[in-house]
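Worksheet: one structure, shown below.
Here, each number is a calculation from the coordinates, and none is a lab measurement. From a predicted model like this one, the values you see are computed outputs, not experimental measurements.
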């Protein structure tokens with residue numbers, strides 16, 4: 001029973017970290033996209 005509880009706890013922690021990482025990468029992608037748009041607009045001027 002102790003092994004199952006430990007495995008479940010580790011699984012929950014792993015999923016939580018994975019989801020947090022996805023949000024972080026998504027945010028970085030949006031930031032890079034905005035910077036690219038500003039550079040593109042500056043180049044057009």
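Given the rule -39500 (n - 2.57) for each run of at least 4 DSSP H residues, summed and divided by the residues of the chain, what is its mean residue ellipticity at 222 nm, to the nearest 500 deg cm²/dmol?
Helices in the chain give a 222 nm mean residue ellipticity of -35500 deg cm²/dmol.
Helix 2-44: angle to the longest alpha-carbon principal axis of the chain, degrees 0 to 90, nearest 10?
Long axis of 2-44 versus the principal axis of the chain: about 0 degrees.
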